[in-house]
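K.L.:
What follows is a single structure, and I will ask about it in a moment.
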Amino acid sequence: MSSIATITISGPTEILADLGTRKAILLPLEEYEALLDRLEELEDILDSHVALAEYRAGQGRSLQAYLAERKERYRVSRGLGEQES
């Protein structure tokens, strides 16, 4: 059974609990979106650290090799920076 409720958030966040066990946290939409933005930024930073470590370990590849692989994998007609003929 599902139900819809209107809840007014009286403070920065509200914690919903069932017999003392936390079940959910409600927060303003702007705060939620800011958290998602922050998470995406942190994931990008982590990806850049992993890529740099791989490059330093000799696991990197040239831009030309990447573009050739991309062309093949995604069947693109031209690579990054190439002019259409």
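The values are calculated or read from the model by the stated rules, or taken from the named source; none is laboratory data. What you are looking at is a predicted structure, and each value in this text was computed from that prediction instead of being measured. Every residue, glycine among them, receives a Cβ derived from its backbone with ideal geometry; neighbour counts consider all protein chains shown.
K.L.:
Could you list all residues from the stretch 22-45 that are modelled with pLDDT of 80 or more and part of a strand (DSSP E or B)?
P.N.:
Answer for the stretch 22-45, where residues must be modelled with pLDDT of 80 or more and part of a strand (DSSP E or B): ALA24, ILE25, LEU26.
K.L.:
Also: Could you look through the stretch 72-85, keep only residues that are within 27 Å of LEU52 (Cβ to Cβ) and exposed (fewer than 10 other Cβ atoms within 10 Å of the Cβ), and pick out the one that is modelled with the lowest pLDDT?
P.N.:
Here the answer is GLY81.
K.L.:
Tell me which residues, restricted to the stretch 26-36, are surrounded by fewer than 10 Cβ atoms within 10 Å (Cβ to Cβ) and of a type in the set (Asp, Glu).
P.N.:
Result: GLU30, single match.
K.L.:
Within the stretch 57-71, is there a residue that is surrounded by fewer than 10 Cβ atoms within 10 Å (Cβ to Cβ), of a type in the set (D, E, K, R) and modelled with pLDDT of 85 or more?
P.N.:
So far as the stretch 57-71 goes, no, none of its residues is surrounded by fewer than 10 Cβ atoms within 10 Å (Cβ to Cβ), of a type in the set (D, E, K, R) and modelled with pLDDT of 85 or more.
K.L.:
Then there's this: Does ILE15 qualify as being modelled with pLDDT under 70 and either of a type outside the set (D, E, K, R) or in contact with a Gly (Cβ under 6 Å, 6 or more places away or on another chain) (or both)?
P.N.:
So ILE15 fails the test.
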